[in-house]
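Just so it is clear, none of the values below were taken in a lab; they were calculated from the coordinates. Just so you know, these numbers come straight off a predicted model, no measurement behind them. Every residue, glycine as well, gets a Cβ built from its backbone with ideal geometry; the counts of neighbours run over all protein chains shown.
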Amino acid sequence: MKTYIALFRGINVGGHNILLMKDLVALLESFGSSSVKTYIQSGNAVFRNEEEDPTKLSKGISTIINKNYGFEPKVLVLNLNEFEDAIVLNPYPEAEVEPKTLHIYFLDSMPKNPNLDLLESIKRNNERFELRNKFFYLHSPDGIGRSKLAAQVEKSLDVSVTSRNWRSVAKILAMAKQCN
């Protein structure tokens, strides 16, 4: 069995697409997963599964949620090695001391023609960003809520993304290592 991390997008936000984490655990277990653990209500799960293809898991999980709850969230599934790569590739390790200011955007595919010039033109003076493989890193010391750049990442990369702050990334990694 392999350890996987599922990052959900668009569940339990603004009172829409409600899925309790205990129900998510049950769904993942019914899908052949074991050692399922979740982190915060916005949708992060760690689990073990025999499936070798993360894309199949992603599609299957989204489909089973749609069948049972009537909405089909985007689900990005990474194996433990991919998740660890995202952490190792962080170009701003000094920002880890303020984990709410450092974000990783997990991309569902490699951008073919990212418009990084647009992001460069709207970033604040103290913001930094970098695209590495299927990960986009944003260090926004003033907070992501005030960042014009943060609001344009998905559009500029032209791929589906879901982001997590460094605190969440660290907690999810710790859960995944316990599961492994």
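Taking the range 1-42 as the range and being among the small types (G, A, S) and within 18 Å of T55 (Cβ to Cβ) as the test, the residues that pass are A6, G32, S33. Those helices (runs of 4 or more DSSP H) of the range 76-180 in which at least 2 residues are within 17 Å of the chain's Cα centre (by Cα), considering only elements entirely within it, cover 80-88, 148-157, 166-179. Can you find a residue in the range 84-100 that is in contact with a His (Cβ under 9 Å, 6 or more places away or on another chain), among the aliphatic types (A, V, I, L, M), in contact (Cβ under 8 Å) with a residue 40 or more places away in the chain and more than 28 Å from R48 (Cβ to Cβ)? Yes: one or more hits. Here is the figure for the range 1-35: residues that are β-branched (V, I, T) and out of contact with any strand residue (DSSP E or B) (no Cβ under 6 Å at 6 or more places or on another chain) total 3. In the range 19-48, of all residues being hydrophobic (A, V, I, L, M, F, W, C), out of contact with any Ser or Thr (no Cβ under 9 Å at 6 or more places or on another chain) and without any contact (Cβ under 8 Å) to a residue 24 or more places away in the chain, the one that is surrounded by the most Cβ atoms within 10 Å (Cβ to Cβ) corresponds to V36. Restricting the range 165-180 to residues that are touching a Leu at 6+ places or on another chain (Cβ under 7 Å) and under 17 Å from E98 (Cβ atoms) leaves a set whose member that is surrounded by the most Cβ atoms within 10 Å (Cβ to Cβ) is W166. Once the range 136-164 is narrowed to residues that are basic (K, R) and either touching a Gly at 6+ places or on another chain (Cβ under 7 Å) or under 22 Å from P73 (Cα atoms) (or both), the residue that is surrounded by the most Cβ atoms within 10 Å (Cβ to Cβ) is R164.
State all residues of the range 5-62 that are within 16 Å of the chain's Cα centre (by Cα), assigned to a helix (DSSP H, G or I) and not hydrophobic (A, V, I, L, M, F, W, C); if no residue qualifies, say none. Scanning the range 5-62 gives P54, T55, S58, K59, S62. Within the range 49-70, being surrounded by fewer than 16 Cβ atoms within 10 Å (Cβ to Cβ) and either acidic (D, E) or under 25 Å from I144 (Cβ atoms) (or both) holds for E50, E52, D53.
Would it be correct to say that E84 is closer than 23 Å to Q178 by Cα and touching a strand residue (DSSP E or B) at 6+ places or on another chain (Cβ under 8 Å)? For E84, the condition - closer than 23 Å to Q178 by Cα and touching a strand residue (DSSP E or B) at 6+ places or on another chain (Cβ under 8 Å) - is not met.
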